[in-house]
Amino acid sequence: MSASSRPDARCTASPYLYGREAAAVAQVLESGQYGHSEVTEGFERRVADFLGVPDAVAVASGTAALHTALLAAGVGPGHEVVVPSITWCSTVQAILAVGASPRFADIDPGTLCVTDQLVMDAVGPDTAAVIPVLFGGRPVDLSRIRAELTERNIAVVEDAAHAFGSRNGRRRVGATGDLTCFSFGPVKNLTCGQGGMVIPGTPEEADAIRLIRMVGVVQSQAERANATSYRVDGFGLRYQMSSINAAIGLVQLDDFDTTEHTRRTLWRAYRRALAGLDGVRLVDVDPDQAVPHLCQVRVPNRDKVFADLRARGIGVGVHYPPNHLQPAFAQWRRPLPATEQVAEEILTLPFHQHLTEDDIDHVVTALGQALKTAGGAPCASS
Ligand SMILES: *Cc1c(COP(=O)(O)O)cnc(C)c1O
């Protein structure tokens with residue numbers, strides 16, 4: 001094995017830095033303003049401009065984005081929130097954080113996303129919100145059921161943690177009028193180190209989230225400096241984004257066109273290489289719409305293939321074991337046939353911006369060998 005320190009096919013995912021992040025952080029450290037400051041607010045404005053939306057509210061993580069978005073949508077105890085089971089557990093934890101219950105929806109095995117029909121199948125009298133997860137960066141367009149959801153007072157809160165930069169038609173994800181939640185965690189399409197952003201649907205939602213993220217105190221640091229007291233206006237948590245994190249995000253956003261291009265190019269290279277392989281079903285995305293976040297295939301004998309590839313030093317993963325089968329969420333378990341079937345088949349191939357097309361060929365060759373060793377019938381068509 002080479003002694004190269006470049007994150008290669010041994011890594012499932014890896015952050016990609018453009019080189020100026022360290023200087024941007026150093027500048028914040030020298031300024032002495034580490035917390036929420038004009039650097040954070042500058043990042044909010046830049047993200048809003050990039051997405052073509054009036055406003056964006058920076059928070060500490062994607063989890064905090066989901067939590068505050070559900071609060072702003074008025075979701076609380078006694079409510080149900082429709083959510084797919086195959087997602088990072090944060091999506092479900094955010095529902096529990098507001099005192100509501102998850103109502104797990106099944107997914108389309110071809111996209112790992114909910115569809116109009118599957119959402120409507122899961123909606124009930126207590127449903128207060130739906131959280132479509134934009135899996136792997138795919139846009140999820142619920143516009144055809146929008147009127148019915150609105151009529152029934154059901155909010156849409158998009159979990160777009162995978163989908164920063166993706167388009168839904170001509171607009172960027174986030175510009176569709178729903179509450180949209182991004183994560184800027186270490187391996188997301190854009191990273192702040194840690195961070196998140198809510199795109200509010202209305203100015204009232206923006207105000208609500210700004211209050212919550214600042215422990216319920218609205219006055220700015222400057223206003224508070226000239227007063228002997230401050231006002232706590234409502235419920236809140238320590239959820240703001242630090243200037244240190246925002247400074248990293250600003251650099252990443254400057255180079256986002258390179259990010260988009262690289263991720264799309266690498267994804268197309270995977271699609272080409274995998275086309276020649278029998279028994280593998282690519283979880284397809286449209287790279288003209290999505291900024292691909294993951295490269296996933298469905299394979300027979302997944303656990304064997306996984307172990308074989310790991311033994312060959314290939315950084316495969318599984319995104320994600322279904323939440324409805326997790327002990328913490330057992331009381332909301334219900335049969336989800338498509339979810340349970342694909343959960344046994346999905347395999348995440350290494351996908352990050354340090355990869356070369358040679359790495360991708362190496363992964364796909366190893367996958368072919370692992371499949372031969374593992375045997376088994378090809379996965380059913382979606
Ligand atoms: C990463 C992620 C989150 C949570 O974001 P954090 O920034 O890690 O809190 C939520 N949902 C999905 C689908 C994610 O991948």
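Can you give the angle from 0 to 90° between the axis of helix 62-72 and the longest principal axis of the chain, with both taken from C-alpha atoms, to the nearest 10?
Its long axis makes an angle of about 50 degrees.
So what are the ³J(HN,Hα) numbers for segment 333-341, from phi and the Karplus equation (6.51, -1.76, 1.60; θ = phi - 60°), rounded to whole Hz, Gly and Pro as x?
Working through the residues one at a time gives 5, 8, x, 10, x, 5, 4, 5, 5 Hz.
Return the calculated 222 nm mean residue ellipticity for the chain, to the nearest 500 deg cm²/dmol, obtained by summing -39500 (n - 2.57) across DSSP H runs with n ≥ 4 and dividing by the residue count.
On the way: 13 runs with 140 residues, N = 382.
Dividing the helical sum by the residues of the chain leaves -11000 deg cm²/dmol.
Against the longest alpha carbon principal axis of the chain, how many degrees, from 0 to 90 and to the nearest 10, is the axis of helix 302-311 turned?
90
Would you mind computing, in nm to one decimal, how far apart the modelled labels at GLU204 and HIS261 are, each placed 7 Å from Cα along Cα→Cβ?
4.4
With a bin width of 5 angstrom, please list the P(r) values of segment 69-218 as percents of all Cα-Cα pairs, from the 0 bin to the one holding the largest distance.
That works out to 2, 10, 19, 24, 24, 14, 6, 2, 0, 0, in percent per bin.
Which value, in nm² and rounded to one decimal, describes the direction-averaged projected area of the C-alpha convex hull of segment 239-382? If you can, show how the numbers build up before the last one.
Working: hull surface 46.0 nm².
If you wrap the Cα atoms of segment 239-382 in a convex hull and average its projections, you get 11.5 nm².
Which ordering of GLU30, GLU223 is given by a fewest-first count of other beta-carbon atoms within 10 Å?
Numbers: GLU30 8, GLU223 12.
Ordered from fewest to most neighbouring Cβ atoms within 10 Å, GLU30, GLU223 come out as GLU30, GLU223.
As a test of understanding, state the convex hull volume per residue of segment 1-155 from its alpha carbons, in Å³.
For segment 1-155, the hull spanned by Cα atoms encloses 169 Å³ per residue.
What is the helix-to-structure angle for 243-254, meaning the angle in degrees between its Cα long axis and the longest Cα principal axis of the chain, kept from 0 to 90 and rounded to the nearest 10?
50
Using every pair of alpha-carbon atoms in segment 193-287, split the distances into 10 Å bins beginning at 0 and state the percent of pairs per bin, rounded to integers.
Going out from 0 Å in 10 Å bins, segment 193-287 shows 13, 25, 24, 18, 12, 6, 2, 0 percent.
Could you go through segment 117-134 in sequence order and give the Karplus-derived ³J(HN,Hα) for each residue, using 6.51 cos²θ - 1.76 cosθ + 1.60 with θ = phi - 60°, rounded to whole Hz, and x for Gly and Pro?
4, 5, 5, 5, 4, 8, 5, x, x, 9, 5, 10, 7, 10, 10, x, 9, 8
From zero up to wherever the largest Cα-Cα distance of the chain sits, split into 10 Å bins and tell me the percent of pairs in each.
Percent of pairs per bin, in order: 5, 23, 31, 25, 12, 3, 1, 0.
Enter the per residue convex hull volume of segment 254-329, computed from alpha-carbon coordinates, in Å³ rounded to the nearest integer.
Working: hull volume 12.1 nm³, N = 76.
That works out to 160 Å³ per residue.
Arrange the following residues from fewest to most other Cβ atoms within 10 Å of their Cβ: VAL342, VAL316.
VAL316, VAL342
Got a sec to turn the phi values of segment 354-371 into Karplus ³J(HN,Hα) couplings, 6.51 cos²θ - 1.76 cosθ + 1.60 with θ = phi - 60°, whole Hz, x for Gly and Pro?
Here the 3J(HN,Hα) series is 7, 5, 10, 5, 5, 4, 5, 4, 4, 5, 5, 4, 5, 4, x, 5, 5, 5 Hz.
Sequence-distant or interchain residues sharing an amide H contact under 5 Å with CYS113, placed H: which?
Hits under the 5 Å cutoff: ASP108.
Taken together, the values in this text are just the output of simple stated rules run on the coordinates, not laboratory data. Only a predicted model underlies this, so the values are computations on that prediction, with no experimental measurement involved. Cβ atoms come from the backbone with ideal geometry, glycine included; neighbour counts cover every protein chain shown.
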